[in-house]
Structure formats: C-alpha cells, structure tokens
Amino acid sequence: MVSCIFCNMQPPIFENDLALAFFDKNPVSKGHVLLVPKRHAKDYFKLTSEEKLALDDLLGLCKGYLDNLYKPDAYNIGANCGLEAGQTVFHCHIHLIPRYAGDMANPTGGVRGVIPEKQNYKD
Ligand code: AMP
Ligand code: ZN
C-alpha cells in the first residue's frame, strides 16, 4: 500500500483498541477533530461494526473534551465518502466540528451545506 498519513498519526488525543482521534491540521473551527479507524479502510462503508462502535466511543470522549476546552454551542459530524463527495484522504475519517454561535450568518441546514446553494431551506 502507498504510505498513508492517517495510518501514522501520533500522538492521538484519544484512542482505543480500534480507533484514534487527533486535531485536524486545517481546522474548520476551533477544536475540529478527526476520528479514524486504526486499520486502513477507504471510507465509512468499509468499516466493521466493531470499528464503528470504537469510533462512536471516541466521538463521545472527544465531545466531552471539547465541551470543557472550548465550550462550543453545537457540533457537526460528517464523513466524506468518495472523491465526488469531497474526500481527499482515502483513509476513513469522521469530522467532528465544533460550532460557535455567530460563526456564520445563517447556519440553518448544517451539513446540507455540502452543496452550498441547498443548505438553507424553507417549509
Ligand atoms: P477530507 O476532505 O474529508 O478527506 O478531509 C481530509 C482532512 O484531513 C482535511 O480536513 C485536512 O485538513 C485533514 N488533514 C490532512 N492531512 C492532515 C494531517 N497530517 N494531520 C491532520 N489533519 C490532516
Ligand atoms: Zn491509512
């Protein structure tokens, strides 16, 4: 396999047997964390149930950590699965993005913003 940056991320802020978490080097917001399986797997759909549980465990730990550290008002959780969905690093990762009141003019729709003109909606 070609070398993969996410196969070699040290030190993590949290880890368990199957997954680890570290800060994104280009954070969308203060405290943006990435969570990855330790096993090299291309995207979320390649994970085992055990790996998904391990990632979910770390999501909870990271949220508690970030709540204390930065006191965000809300979070977005997301995973880009495939080139056309915006994935750039092909080792599965889940973005945990803290959100802060006023960090954008109108946050309505959240992750719908993957297609910006479809983010906000009415009805
Ligand atoms: P994606 O577009 O979902 O594949 O996101 C890749 C993410 O990895 C981006 O948010 C990058 O800022 C982040 N990233 C790339 N290289 C590193 C690195 N060496 N350490 C931490 N985050 C990284
Ligand atoms: Zn990898």
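Worth pointing out:
- Boolean, F90 is touching a residue at least 60 places away in the same chain (Cβ under 8 Å), open to solvent by 80 Å² or more (accessible area, probe 1.4 Å) and within 13 Å of ligand 1 (Cβ to nearest atom): yes
- Residue within segment 60-68 that is surrounded by 15 or more Cβ atoms within 10 Å (Cβ to Cβ) and within 15 Å of ligand 1 (Cβ to nearest atom) present: yes
- Taking the criterion of being touching an Asp or Glu at 6+ places or on another chain (Cβ under 9 Å), surrounded by 14 or more Cβ atoms within 10 Å (Cβ to Cβ) and of a type outside the set (G, A, S), the only residue of segment 44-59 that qualifies is L58.
- Residue selection: K30 fails the criterion of being part of a loop (DSSP other than H, G, I, E, B), surrounded by fewer than 12 Cβ atoms within 10 Å (Cβ to Cβ) and among the charged types (D, E, K, R).
- Flag for P11 being without any contact (Cβ under 8 Å) to a residue 12 or more places away in the chain and in a loop (DSSP other than H, G, I, E, B): yes
- If you check Y70, Y121, Y100 for being of a type in the set (F, W, Y) and free of Cβ contacts under 8 Å to residues at least 24 places away in the same chain, only one passes: Y121.
- Members of segment 1-18 that are in contact with a Cys (Cβ under 9 Å, 6 or more places away or on another chain) and within 12 Å of ligand 1 (Cβ to nearest atom): F6, I13
- Taking the criterion of being touching a residue at least 60 places away in the same chain (Cβ under 8 Å) and within 16 Å of ligand 2 (Cβ to nearest atom), the residues of segment 25-54 that qualify are L34, L35.
- Residue count for segment 93-123, restricted to those that are of a type in the set (V, I, T) and open to solvent by less than 70 Å² (accessible area, probe 1.4 Å): 3
- Here A21, A41 are screened, and the one residue that is of a type in the set (G, A, S), part of a strand (DSSP E or B), surrounded by 13 or more Cβ atoms within 10 Å (Cβ to Cβ) and within 15 Å of ligand 1 (Cβ to nearest atom) is A21.
- Unmet criterion (only one of (1) under 12 Å from the mean Cα position of the chain (by Cα); (2) more than 16 Å from ligand 2 (Cβ to nearest atom); (3) open to solvent by less than 40 Å² (accessible area, probe 1.4 Å)) for I77: (3)
The values are calculated or read from the model by the stated rules, or taken from the named source; none is laboratory data. Source: prediction; values computed, not measured. All Cβ positions, glycine included, derive from the backbone under ideal geometry; neighbour counts span all protein chains shown. For the accessible areas, the whole protein counts, side chains as well, though only heavy atoms, and no ligand, DNA or RNA atoms are used. Shrake-Rupley method; radii C 1.70, N 1.55, O 1.52, S 1.80 Å.
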